[in-house]
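The next block holds one structure in the form of structure tokens; read it before the comments.
The values are calculated or read from the model by the stated rules, or taken from the named source; none is laboratory data. These numbers were taken from a predicted model, which means no experiment stands behind them. When the accessible area is computed, the model is the full protein with side chains, heavy atoms only, and any ligands, DNA or RNA have been set aside. Shrake-Rupley method; radii C 1.70, N 1.55, O 1.52, S 1.80 Å.
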Amino acid sequence: MRARAIFRTAPSSAPLKRPLLFLACTMLSACALFQRPPRPVHAPPEEAVRVEFPLDLPKEDRLIIPGTVLKAVQLAMEDFLPWDVRPHRGATPEEVCLYQRESYDVTTSPGPDGVLFVRFTVKDGACTSGGVILDMGATYAIDVTGWRILAIQR
């Protein structure tokens, strides 16, 4: 008898299951918002096998980019033109071009107290069909010790 009385007075677990189910569904759908950057595309093996690497990179065409500069440029670029941003529907060819990272040149210059200036400008001749594009760049002040954006000049 005593066991029956406890069983009858115990609250039903059905009301508890619904909020937990709702919470689980909400969390799973929220995970879809957290996307990782896409991995680079690799050529198929039959194409990759045809590439011949030189023993050393030619000195006259070599460009050495210090790791600090590379990281500062990458940090600024992720803010300036994030990898997941797409042109709006009905964008003109010039607007689509401005959403391509390869349409920009990058200039860097050291500043005072661990600051590196990173400037993005549209490449000469890119994204234009006869006209000039103005105000499509930006200059970033990057703190290379704390790896943060200090300021942006547009």
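Please compute the contact order of region 70-154 in relative form: average sequence separation of alpha-carbon pairs under 8 Å and at least six residues apart, divided by the residue count, as a percent. Relative contact order here is 27 percent. The residues of region 33-154 expose on average 79 square angstrom of accessible surface per residue, using a 1.4 Å probe on protein heavy atoms. Prolate is the label for region 76-154, because the ratio a/c of its alpha-carbon gyration tensor axes (a ≥ b ≥ c) is 1.5 or higher and a/b is greater than b/c.
Taking every C-alpha pair closer than 8 Å and separated by at least 6 residues, the mean separation divided by the residue count of region 36-120 gives a relative contact order of 23 percent.
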